[in-house]
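J.: The following block contains the structure, expressed as structure tokens.
What follows draws every value from the coordinates through simple rules; no lab data is involved. Here the structure is a predicted model, which means the values were calculated and not measured. Positions of Cβ are backbone-derived with ideal geometry, glycine not excepted, and every protein chain shown enters the neighbour counts.
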Amino acid sequence: MRNTFLNTVIAGVILTGCLINNTATAGLIDRGNGMIYDDVQNITWMQDTNYAKTSGYDADGRMNWSDSVAWAGQLEFGGYDDWRLFNASPVCESGDFNCTGNELGHLFYNDFGLEAGDLVGDAAGDPEFDLFSNIEVIYWTADWYDGSYVPGRSNNAWTFVNMGGMQNGYNISAEFHTWAVRDGDVANAIPEPTSVAILSLGLFGLMFSRRSSK
């Protein structure tokens, strides 16, 4: 009877651990403290997508490209100081849609489930979209635009346009919003749910063994 009970408990704990682990790798994971982890791209997004404004750094959060890069470079948030603007690589041609290689493009099309021509607000109500706050229309990327697609526009940088899901190049003097990301997961020091389940199982087994031996 005791063996049957113990086997049932073990199976239940293992199953729970597996279910928790599957939930923890569902694409976008709220790590708390204003940070959202993307386990597909292995990057951590700031939950507040206009933090430059809400933090008081800039009146409306709109800056030229150079100031945007500088803002991300000096940013300290959540105990990390390695924030950056999201990447546009691999780049598409200017004005192209469906650029899912772009880190924000991946979020727009794959995580928010939008299509070319959709407005980012169309995703309202989607659980992954609702993880974020203050999503704006146009964001600077970290990447310089080489002007090869539009002659005479070499003084540009790449942006991603949430109004339609388009990647485009704009003159670096224009003012758009900024959205910071960092590489990797901010929760690496936190035990994985499966590990917690195994540890709990071990403690339970030890307690059961001691009780049985009395």
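J.: From the backbone phi of the range 169-184, what are the Karplus-calculated ³J(HN,Hα) couplings (6.51 cos²θ - 1.76 cosθ + 1.60, θ = phi - 60°) in whole Hz, Gly and Pro given as x?
T.: My calculation for the range 169-184 gives x, 10, 4, 5, 7, 5, 10, 10, 7, 10, 9, 8, 9, 9, 6, x Hz in order.
J.: Would you mind estimating how fast the range 40-185 diffuses translationally, via Stokes-Einstein at 10 °C and 1.306 mPa s with the Kirkwood radius over Cα pairs, in µm²/s?
T.: Working: Rh = 15.2 Å.
This corresponds to a translational diffusion coefficient of 104 µm²/s.
J.: A further question on this structure: Neighbouring Cβ atoms within 10 Å as the yardstick, rank Val181, Val137 fewest first.
T.: Details: Val181 22, Val137 15.
Exposure proxy ranking, most exposed first: Val137, Val181.
J.: Check which residues have an amide H placed less than 5 Å from Met166's amide H, if you skip close sequence neighbours.
T.: Distant-sequence amide H within range of Met166: Val161.
J.: Work through the residues other than Asp58 whose Cβ is under 10 Å from its Cβ and net out their charges, Lys, Arg +1 and Asp, Glu -1.
T.: Working: positive: Lys53, Arg62; negative: Asp60, Asp67, Glu175.
Around Asp58, the surrounding residues sum to -1.
J.: Sticking with this one: Once you list every other residue whose beta carbon is under 13 Å from the beta carbon of Glu103, what net charge do they have if Lys and Arg are +1 and Asp and Glu are -1? Each step should come with its number before you reach the end.
T.: Details: positive: Arg84, Arg182; negative: Asp38, Asp111, Asp143, Asp183.
Local net charge: -2.
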